[in-house]
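First comes the structure, then the notes that go with it.
The values are calculated or read from the model by the stated rules, or taken from the named source; none is laboratory data. Source: prediction; values computed, not measured. FYI the Cβ positions are ideal-geometry reconstructions off the backbone, even for glycines, and counts take in every protein chain you see. The accessibility values were calculated without ligands, DNA or RNA, using every heavy atom of the protein model including side chains. Shrake-Rupley method; radii C 1.70, N 1.55, O 1.52, S 1.80 Å.
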Amino acid sequence: MLVPDRYETDALVASGLSNEADGDILDLALNINPFGPPPGSVRAAASTLSHVHEYPPVDATELRRAVAKWHGVASECLSFGCGLDEVIKLLVHAWTNPGDRVLVHVPTFPRYELELRAHGAHLVFVTSPTPWETDCSAIGKTLRARRVTTAFLCTPNNPTAARIDIGSVEELASEFPHVQFIVDEAMIYPTQQGAVPLVGRFSNMAVLRTFSKYFGLAGLRIGYVVADPARISLVETIRPPFNVSQVGIAAAVAALEEDQDFLRESHDAIAAELEFVVSSLRSMMPSWVLHHGESNMIMVETPGVSSTAMAGELLRRGVRVVDGRTFRGLETTDSLRVSLGDRTANSRFLGALAQAWSVLRERVEEVP
Ligand SMILES: Cc1ncc(COP(=O)(O)O)c(C=O)c1O
């Protein structure tokens, strides 16, 4: 039995936060689509309810077909899970052995570390000269120096929003054919190809995607991996047979096949909210540094202001964000990870931030 340390929970839990319905709390900690689920998915999910006395298909047949078509890959290249959280667990069990050295570039999504530690892997952490970039040359240098079997990369990276250039991923896959690369694209806009085309060219390349973010189906818990069929068959061997529900399958298929307008509209609306929040923050807090990409999340560096105190003050005002210090690699940096909401939610966040800042500024000014 492994003894958990603070990184064996994800950043949310490490912050002492939970996502349970909690009065009038505005939750900007989970990077979901703030515009709700796609309407066609809701209809499709509802239509399956009269069949839920039956088990879902073991191989998520319809979903497998729809996702294979979406990416233009063979259906044997796919394995599904109860969210990417489960997929990550399955990959760690299927593709790594206890004692393997596994590279993780930090700061990043904490589940990789949690699952790897629980499986007895040795973690090889790589950092970049600045935590706000993912430095593939530092990764290459480590892979040349250390015997590593697997490497986790995240792009856009949670929590920094940093993107990895696909050319650099390709160079890594080609230079290190004995390393299994797992590229987590949970936060990517789903119509972007990302690293998926590399899967057909490199048998050591796997790409992770989820229906939890832009697709607006976090509550139905569906994630998947795209990889070489031989590697997928190792995952399928240990995958629990009914790990994706028929409600989830129906909703996800509808999201791919019927609800592309919703996806586009969400994308445009999220981009507009990003612009609104970024320009508001720039005028409110000119010394703060904002890191963001296309995803539904901003990382806000708050130099001179304790992000732990700021997250606490925001929570006192009913707004939940994540204190960046809870991420490995950001322990000494003040920063807040803020998910975008709709305009009402974002305005509430900015109002709470102004109030929190006025309290904290007084405290800073009181220090002799
Ligand atoms: C980078 C990354 N990977 C995986 C996940 C897990 O996603 P899922 O909801 O599919 O379990 C998240 C969720 O926030 C994430 O940010």
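The lone criterion from (1) touching a strand residue (DSSP E or B) at 6+ places or on another chain (Cβ under 9 Å); (2) away from the ligand (no atom under 16 Å from the Cβ) left unmet by Ile249 is number (2). Exactly one residue out of Thr308, Thr344 is closer than 30 Å to Val124 by Cα, open to solvent by 60 Å² or more (accessible area, probe 1.4 Å) and free of Cβ contacts under 8 Å to residues at least 60 places away in the same chain, and it is Thr308.
Taking the residues in segment 216-272 that are over 19 Å from the mean Cα position of the chain (by Cα) and among the basic types (Lys, Arg) as candidates, determine which candidate is modelled with the lowest pLDDT. Only one residue fits best here, namely Arg264.
Note on segment 37-58: residues that are within 16 Å of the ligand (Cβ to nearest atom) and either small (Gly, Ala, Ser) or over 17 Å from Ser266 (Cα atoms) (or both) amount to 1. A single entry from Leu330, Leu314 fulfils the requirement of being part of a loop (DSSP other than H, G, I, E, B) and buried (at least 20 other Cβ atoms within 10 Å of the Cβ): Leu330.
Out of Thr48, Thr108, one residue alone is touching a strand residue (DSSP E or B) at 6+ places or on another chain (Cβ under 8 Å), of a type in the set (S, T, N, Q) and at pLDDT 95 or above. It is Thr108.
Please state which of the following conditions Pro129 fails to meet, knowing it meets all the rest: (1) open to solvent by 30 Å² or more (accessible area, probe 1.4 Å); (2) at pLDDT 95 or above; (3) within 28 Å of Glu301 (Cβ to Cβ); (4) not basic (Lys, Arg). For Pro129, the failing item is (2). Which of the residues belonging to segment 203-238 are open to solvent by less than 30 Å² (accessible area, probe 1.4 Å), more than 15 Å from the ligand (Cβ to nearest atom) and of a type outside the set (A, V, I, L, M)? Matches in segment 203-238: Asn204 only.
Against the conditions (1) touching a residue at least 24 places away in the same chain (Cβ under 8 Å); (2) among the hydrophobic types (A, V, I, L, M, F, W, C); (3) open to solvent by less than 60 Å² (accessible area, probe 1.4 Å); (4) part of a strand (DSSP E or B), Leu123 satisfies every one except (1). Do you know which residues across segment 289-302 are open to solvent by 20 Å² or more (accessible area, probe 1.4 Å), over 18 Å from the mean Cα position of the chain (by Cα) and under 19 Å from Arg320 (Cα atoms)? Of everything in segment 289-302, those that are open to solvent by 20 Å² or more (accessible area, probe 1.4 Å), over 18 Å from the mean Cα position of the chain (by Cα) and under 19 Å from Arg320 (Cα atoms) turn out to be Leu290, Glu301. Residues in segment 165-187 that are within 15 Å of the ligand (Cβ to nearest atom) and either in contact with an Asp or Glu (Cβ under 6 Å, 6 or more places away or on another chain) or open to solvent by 10 Å² or more (accessible area, probe 1.4 Å) (or both): Ala186, Met187.
The condition of being within 30 Å of Gly304 (Cβ to Cβ) and more than 16 Å from the ligand (Cβ to nearest atom) holds for only one of Arg282, Arg264, that being Arg282.
Condition check ((1) assigned to a helix (DSSP H, G or I); (2) among the hydrophobic types (A, V, I, L, M, F, W, C)) across all residues:
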position	(1), (2)
Ala206	no, yes
Val235	yes, yes
Pro240	no, no
Ala255	yes, yes
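Could you tell me whether segment 67-75 includes any residue that is of a type outside the set (A, V, I, L, M, F, W, C), within 16 Å of the ligand (Cβ to nearest atom), under 25 Å from Ile188 (Cβ atoms) and within 20 Å of the chain's Cα centre (by Cα)? No, segment 67-75 contains no residue that is of a type outside the set (A, V, I, L, M, F, W, C), within 16 Å of the ligand (Cβ to nearest atom), under 25 Å from Ile188 (Cβ atoms) and within 20 Å of the chain's Cα centre (by Cα).
Taking segment 137-157 as the range and being away from the ligand (no atom under 11 Å from the Cβ) and part of a loop (DSSP other than H, G, I, E, B) as the test, the residues that pass are Arg146, Arg147, Val148, Thr149. Once segment 79-109 is narrowed to residues that are among the acidic types (Asp, Glu) and either in a strand (DSSP E or B) or more than 23 Å from Ile139 (Cα to Cα) (or both), the residue that is farthest from the ligand (Cβ to nearest atom) is Glu86.
Is it the case, given these coordinates, that Thr160 is near the ligand (Cβ under 10 Å from one of its atoms) and open to solvent by less than 20 Å² (accessible area, probe 1.4 Å)? So Thr160 does not fit the description; no.
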